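The values are calculated or read from the model by the stated rules, or taken from the named source; none is laboratory data. Please read all numbers here as calculations on a predicted model, not as lab measurements. Neighbour counts are summed over all protein chains in view; Cβ atoms, including those assigned to glycine, are modelled from backbone coordinates with ideal geometry. Accessible surface areas use protein heavy atoms only, side chains included; no ligands, DNA or RNA. Shrake-Rupley method; radii C 1.70, N 1.55, O 1.52, S 1.80 Å.
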Amino acid sequence: MMTKLEHQEEENGGGNGGLCRIIEEVPPPPQQLKLSFLCQRYEEGGGELFTPPLNFAMVDNGIFRSGFPDSANFSFLRTLNLRSIIYLCPEAYPDANVEFLRSNGIQLFQFGIEGYKEPFVNIPEDKIREALKVTIDVKNHPLLIHCKRGKHRTGCVVGCLRKLQRWCLTSVFDEYQRFAAAKARVSDQRFMELFDVSSFKNLPNSFSFSKRYNQ
């Protein structure tokens, strides 16, 4: 704790000035995370470096996305104070990841969607819907959505979330393609285009709506 010293004159009846020393406690500045674009790591105010998972990004207030986190990413994930993780692969969660969840009080929601490649595609709409229900429930925030690479399965969930947020399709597809890059799939975009959001009628008031609406 730092101290701040101030001196001020205290006048008395005889006109002689006295010195009164005031000691004010000033709390240290809060530590902040800084992003280093060169090494793709986050640096804390104290100088410690944290490595985010592949394709990590903030989706909305309290919602994040990424590829599969490993032990090198755990220190970074702790800074997010996660309550929940949505895991979109059918494989069992690794023991190290399960222990990380247990020790940090994080709940795991697994929706096992098989990896797929065009042209034989079967995106399970029911699992996407269930994942969305967990995502928009603010009691589960802060929350991380991830699959293997953070591109296709995660991209579909986030894309459908954007439709709930009333983004126009051009913006939905643009975001999807930024993460999928050369591996963008027409089938994913078709799924997002046809996804019916009308059954999601009562979104919580605290759910943030990004301003990318149809004009």
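I'm trying to understand the selection: among the residues of the range 163-198, which are more than 28 Å from P52 (Cα to Cα) and touching a residue at least 24 places away in the same chain (Cβ under 8 Å)?
Passing the criteria: R166, C168, L169, V186, S187, F191, E193, F195, V197.
Failed condition for C160, given (1) outside any helix (DSSP H, G or I); (2) without any contact (Cβ under 8 Å) to a residue 40 or more places away in the chain, with all others met?
Of the numbered conditions (1) outside any helix (DSSP H, G or I); (2) without any contact (Cβ under 8 Å) to a residue 40 or more places away in the chain, the odd one out for C160 is (1).
Kindly evaluate E114 against the criterion of being open to solvent by 20 Å² or more (accessible area, probe 1.4 Å), in contact (Cβ under 8 Å) with a residue 60 or more places away in the chain and farther than 18 Å from S66 by Cβ.
no
Go through the range 177-202 and count every residue that is touching a helix residue (DSSP H, G or I) at 6+ places or on another chain (Cβ under 8 Å), more than 21 Å from G62 (Cβ to Cβ) and surrounded by 15 or more Cβ atoms within 10 Å (Cβ to Cβ).
So the count comes out to 7.
Name the one entry in V98, V172, V134 that is in contact with a Lys or Arg (Cβ under 6 Å, 6 or more places away or on another chain) and either surrounded by fewer than 16 Cβ atoms within 10 Å (Cβ to Cβ) or of a type in the set (V, I, T) (or both).
The unique qualifying residue is V172.
Spot the failing condition for K151; the list is (1) open to solvent by 60 Å² or more (accessible area, probe 1.4 Å); (2) basic (K, R); (3) not in a helix (DSSP H, G or I), and only one is missed.
(1) is the only condition that K151 fails.
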